[in-house]
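K.L.:
One structure coming up, written as structure tokens, with questions to follow.
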Protein chains: 2
Amino acid sequence: MRIAVLGGDGYCGWATALYLSKRGHEVAIVDNFVRRQWDFELGVQTLTPVQPLPERLRTWREHTGKTIDSAVGDITDYDFLASFLRDFEPGAVIHFAEQRSAPYSMIDRKHAVLTQVNNVVGTLNLLFALREVRPDCHLIKLGTMGEYGTPNIDIEEGYIEIEHNGRKDLLPFPKQPGSFYHLSKVHDSHNILFACRIWKLRATDLNQGVVYGTVTEETALDQALINRFDYDEVFGTVLNRYCAQAAVGHPLTVYGKGGQTRGFLDIRDTVRCIEIACMNPAAPGECRVYNQFTEQFSVLELAHMVKAAGKKMGLRVEIEHVPDPRVEAEAHYYNAKHSKLVDLGLQPHLLSDALLDSLMNIAIEYRSRIDSSLFLPRVNWRNATNDRRQIAAAGAAVPQPGS
Amino acid sequence: MRIAVLGGDGYCGWATALYLSKRGHEVAIVDNFVRRQWDFELGVQTLTPVQPLPERLRTWREHTGKTIDSAVGDITDYDFLASFLRDFEPGAVIHFAEQRSAPYSMIDRKHAVLTQVNNVVGTLNLLFALREVRPDCHLIKLGTMGEYGTPNIDIEEGYIEIEHNGRKDLLPFPKQPGSFYHLSKVHDSHNILFACRIWKLRATDLNQGVVYGTVTEETALDQALINRFDYDEVFGTVLNRYCAQAAVGHPLTVYGKGGQTRGFLDIRDTVRCIEIACMNPAAPGECRVYNQFTEQFSVLELAHMVKAAGKKMGLRVEIEHVPDPRVEAEAHYYNAKHSKLVDLGLQPHLLSDALLDSLMNIAIEYRSRIDSSLFLPRVNWRNATNDRRQIAAAGAAVPQPGS
């Protein structure tokens, strides 16, 4: 199958592109490298030293004999995107090409606007380009479990049957996103559902949980294929950050009470879920929603798991509760359905001691690259302006959230 | 009370600004006149000859002794908006400053992107500016009943209590908007709800029905105060269009079966609802949603009412069903709640024969300004590109929708 991976130089995108290539698909990566630019802006770097895309692709070809195409450009540039689709003629497009960090979107107004405009316009362009150029191509769009927020009822996969005053309808599940980033994904979901309805496009909206891990069978082939491992407060996901903290003897920073419960999954399941979606396309006019995660944990539970794993390895790991920089419930009901991908064949890699050991070992291996000043939250949801630049430049003491 | 009316040169905004000024409030209008520019783009003009804003404001002052301030600029320019709020120090901001036409948003990709970026960024800027400059100011935002679509259950005012698997929560009512314009309002609603939650802003989101009428007590004072009356297929609302059609002996163009049922209200109720919202502000952190309409009709019912009114006046009025250019249910269940504004004191002007007569008389008075080629729909939801410009320039026969 011919598969385009938009955002294929990023964390999930890169692992996905390699996995699909390995499985015999003809893969093209579209990326504008803005994710690398954001590292420069924030003064951070991935724990693992990632190579430039051409070097990555050359290494992949050397090891596997497989070529992954690449097109360098921005999908908010419609002409570029349409011409790519016309040339590559994909059967499926995987859309990872969005600003994906909640804290980044909450830095200030400009970052909020950038996030929503970038994500909404990129997705609108993709919908129009599919309609005009590849109307039968299957769109696989990465959404987030964060679109749902934390309602006091079970979370269904995209739609819920509501009975009200004696009548019934199957309606989009109500959304309560918790950042301008999560809001951008909600906007996308509404736009995609509408485009499927009016233009009979095929779409799968994957509401993904928080991804952890960095190694897949493919990225492990060569040091030059290594994937990102973000541990900083802006782009780092929680489990990766905990492991980096444990590796350098920094307390694990649990936000607030730590009862915030979310869906999580191993990056090896991310890539498999994407392939499952590709091989089971949505029907014309159908906008399917799958909740893409395998287990749910509270962030405090994860901290205790990392602490236990560290102890086994002889590391002394402390847990520290810091004021929650986000506005969110710190203890709440959470029960989200996630059976549709399993029904289609997903066999989850559940979070195990072995995986935690492996993550910790990576963090220890690259420990010298860790900048501990990047652990503590400096983007507070309650502020309209969080001046990260000044703080980072001064190297000053990190102010407490809420200050 | 000091009240800012963003988009105060437009159809609802102008009537609102005058009404609030008359009632003794200190009013400022913010507008960039892009609505007038869109008339030029589309080759259309309002049935009623509207004067430039300075002329309107001078006339108002002459008649009433009251001054309405004005600030010319675009709210997508944050610095302009923030500086206006800092100077004017409003207690309430009424936000009409959005692209408000569904067909306009469906012309092509550029119009869809313009609509969503303009509306979303303008509203984001307003939320940030309120947070930074006037955190206690009450935001009154115009949404639309079209955010809900036509679910098979009763439509509540913004929120619905859902019982599911033995648990309950009060959640945002699921949204199924029917155009890229309506989607932009859904995006706004989600952004506003979030901003109230994290920043304790006060907001009232008014999901307004389709507005009809043009005359209010204030605009009737002088010819130079006359309000817009749009009858074209892009910006014209359905009842206004029917009256213009009846006035020139053109068949009333009912889209499809005509069972499309919506909430409607008289523009005299629009202005009163806004004042009610101003005088009963939302609490800090509260995002209230009111459904702002007074009666529901199907578009075919309205056509029959206009036909009957025309007959009384000696006009021979035909009803013609044209293929529906929109993708929407042409017959459906519809029952939307709208009691909250009535509870606060709204006394509706229901659609009466007298009002229809008055609308028809206006259409007849300005009949010489009517261009019948603007009646038929030329923006088809099923197309990704509707080349209105070419058609208008050629003055050629109007193609049927769906072609």
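K.L.:
I'd like the FRET efficiency for A:MET1 and A:VAL342, computed as 1/(1 + (r/R0)^6) with the beta carbon distance as r and R0 of 25 Å, rounded to 0.05.
P.N.:
Numbers: r = 22 Å, r/R0 = 0.88.
It comes to 0.70.
K.L.:
Moving on. Rounded to two decimal places and with Rh computed the Kirkwood way over Cα pairs, what is Rg over Rh for chain A?
P.N.:
Dividing the radius of gyration by the Kirkwood radius yields 0.95.
K.L.:
How large is the translational diffusion coefficient of region B:11-59 in µm² per second when you combine the Kirkwood radius over alpha carbon pairs with Stokes-Einstein at 37 °C and 0.692 mPa s?
P.N.:
The calculation lands on 268 µm²/s.
K.L.:
Given H placed on each backbone N at 1.01 Å, which residues far from B:ILE160 in sequence or on other chains put an amide H within less than 5 Å of it?
P.N.:
B:LEU171, B:PHE173
K.L.:
Translational diffusion coefficient of region A:139-242 at 25 °C, 0.890 mPa s, Stokes-Einstein with Kirkwood Rh over Cα pairs, in µm²/s as a whole number.
P.N.:
Value of D from the Cα-based Kirkwood radius: 150 µm²/s.
K.L.:
Ballpark to the nearest 100 Å², how much total accessible area do A and B bury together, probe 1.4 Å? Mind dumping the intermediate values first?
P.N.:
Details: alone 16640 and 16660 Å², together 28300 Å².
Counting protein atoms only, the buried area is about 5000 Å².
K.L.:
Moving on. For B:LYS337, which inter-copy label distances result when the label point lies 7 Å beyond Cα on the Cα-to-Cβ vector, reported in nm to one decimal and in ascending order?
P.N.:
Spelled out, the distances from B:LYS337's label point are 2.5 nm.
K.L.:
Continuing with the same structure: Roughly how many Å² of A:LEU355 are accessible to a 1.4 Å probe, to the nearest 10?
P.N.:
20
K.L.:
Moving on. Taking chain A as a whole, which cysteines find no other cysteine Cβ under 4.7 angstrom from their Cβ?
P.N.:
Those would be A:CYS12, A:CYS137, A:CYS243, A:CYS273, A:CYS278, since no other cysteine Cβ in chain A comes under 4.7 Å of theirs.
K.L.:
No solvent, one uniform scatterer per C-alpha: report log10 I(q)/I(0) for the protein assembly as shown via the Debye equation at q = 0.04, 0.06, 0.10 1/Å, two decimals.
P.N.:
Each listed q corresponds, in turn, to -0.18, -0.40, -1.06.
K.L.:
To continue, here is another question. Show that you can apply the helix-only estimate: for chain A, add -39,500 (n - 2.57) for every DSSP H stretch of four or more residues, divide by all residues, and state [θ] at 222 nm to the nearest 500. Please list the in-between numbers first.
P.N.:
On the way: 13 runs with 154 residues, N = 403.
Result for chain A, helices only: -12000 deg cm²/dmol.
K.L.:
Calculate how large, on average over all directions, the projected area of the Cα convex hull of region A:84-192 is; give the answer in nm² to one decimal.
P.N.:
With the hull built on Cα positions only, its mean projection is 8.6 nm².
K.L.:
Take every DSSP beta bridge whose two residues both sit in chain A, then give the antiparallel share in percent to the nearest 5.
P.N.:
In chain A, DSSP labels about 20 percent of beta bridges as antiparallel.
K.L.:
Please calculate the 1.4 Å probe accessible area of B:GLU161, with all protein chains present, and give it to the nearest 10 Å².
P.N.:
Surface accessible to solvent at B:GLU161 totals approximately 110 Å².
K.L.:
Same structure, new question: Suppose each label sits 7 Å from its Cα in the direction of the beta carbon; what would the A:LYS200-B:VAL248 distance come out to in nanometres?
P.N.:
Spacing of the two 7 Å Cα→Cβ label points: 3.6 nm.
K.L.:
Between B:LYS66 and A:GLU89, what is the label-point separation in nm under the 7 Å Cα-to-beta-carbon projection?
P.N.:
My value for the distance between the label points is 6.7 nm.
K.L.:
I want to check the label-to-label distance for A:GLN37 and B:ASP222. Put each point 7 Å from Cα in the C-beta direction and report it in nm to one decimal.
P.N.:
Each label point is offset 7 Å from its Cα along the Cβ direction, giving 5.2 nm.
K.L.:
Measure off, as a whole percent, the carbon and sulfur share of the 1.4 Å-probe accessible area of region A:142-291, all protein chains present.
P.N.:
For region A:142-291, the apolar C and S fraction of the accessible surface comes to 48 percent.
K.L.:
With an 8 Å Cα cut-off and a minimum separation of 6 or more residues, compute the relative contact order for chain A in percent.
P.N.:
20
K.L.:
List the aspartates and glutamates whose Cα sits under 20 Å from the Cα of A:LYS168, skipping any in the same chain fewer than 8 residues away.
P.N.:
Partners found: A:ASP154, A:GLU156, A:GLU157, B:GLU147, B:ASP154, B:GLU156, B:GLU157, B:GLU161, B:GLU163, B:ASP169, B:GLU328, B:GLU330.
K.L.:
Compute the length gained on full extension between A:ARG23 and A:LYS311: take 0.36 nm times their separation in residues and subtract their Cα-Cα distance, giving the result in nm to one decimal.
P.N.:
Additional length available on full extension: 99.9 nm.
K.L.:
How big is region A:1-159 by the Kirkwood estimate over distinct Cα pairs, in Å?
P.N.:
16.9
K.L.:
What is the Cα centroid distance between region B:270-333 and region B:174-208, reported in whole angstrom?
P.N.:
Rounded to whole Å, the Cα centres lie 20 Å apart.
K.L.:
Express the accessible area of chain B per residue in Å², computed with a 1.4 Å probe while the remaining protein chains stay in the model.
P.N.:
For chain B, the per-residue accessible area is 35 Å².
K.L.:
Counting only Cβ atoms, what residue of chain A lies nearest to the axis that sends chain A onto chain B, and how many whole Å off?
P.N.:
A:HIS187, 2
K.L.:
Quick one: pull the percent of accessible area on region B:7-120 belonging to carbon and sulfur, 1.4 Å probe, ligands and nucleic acids left out.
P.N.:
Numbers: 1980 of 4140 Å².
Reported share for carbon and sulfur atoms: 48 percent.
K.L.:
Going through the cross-link list B:LYS175/B:LYS307; A:LYS185/B:LYS337; B:LYS141/B:LYS200; A:LYS175/B:LYS337; B:LYS175/B:LYS200; A:LYS110/A:LYS307, which pairs have a Cα-Cα distance over 26 Å in this structure? Walk me through the numbers before you get to the answer.
P.N.:
On the way: B:LYS175/B:LYS307 34 Å; A:LYS185/B:LYS337 29 Å; B:LYS141/B:LYS200 16 Å; A:LYS175/B:LYS337 21 Å; B:LYS175/B:LYS200 24 Å; A:LYS110/A:LYS307 38 Å.
Cα-Cα > 26 Å for B:LYS175/B:LYS307; A:LYS185/B:LYS337; A:LYS110/A:LYS307; rest within.
K.L.:
Still on this structure, I have one more. Of the heavy-atom accessible surface of region A:292-355 (probe 1.4 angstrom), what whole percent is carbon and sulfur?
P.N.:
Percent of accessible area from carbon and sulfur atoms in region A:292-355: 52.
K.L.:
Between the label point of B:ALA283 and that of the same position in each other copy, find the distances and list them shortest first in nm, with every label point placed 7 Å from Cα along the Cα-to-C-beta direction.
P.N.:
4.7
K.L.:
Separate question: Provide Rg over Rh for region A:83-128; use the alpha carbon set for both Rg and the Kirkwood Rh (inverse mean inverse pair distance).
P.N.:
Ratio value, two decimals: 1.11.
K.L.:
Quick one: with label points 7 Å out along Cα→Cβ, list the inter-copy distances for A:GLU365 in nm, shortest first?
P.N.:
Here A:GLU365 shows inter-copy label distances of 8.1 nm.
K.L.:
Only protein chains counted, 1.4 angstrom probe. Which residues of region A:321-340 are at least 40 Å² less accessible in the assembly than when their chain is isolated?
P.N.:
Hits at the 40 Å² cut-off: A:VAL327.
K.L.:
On a full-extension model of 0.36 nm per residue, what is the gain between A:GLU55 and A:THR385, subtracting their alpha-carbon distance, rounded to one decimal in nm?
P.N.:
115.0 nm
The values are calculated or read from the model by the stated rules, or taken from the named source; none is laboratory data. None of the values given here were measured: they were computed from a predicted structure. With ideal geometry, Cβ positions are generated from the backbone for all residues, glycine too; neighbour counts draw on all protein chains shown. Surface areas here come from the heavy atoms of the whole protein model, side chains and all, with no ligands, DNA or RNA. Shrake-Rupley method; radii C 1.70, N 1.55, O 1.52, S 1.80 Å.
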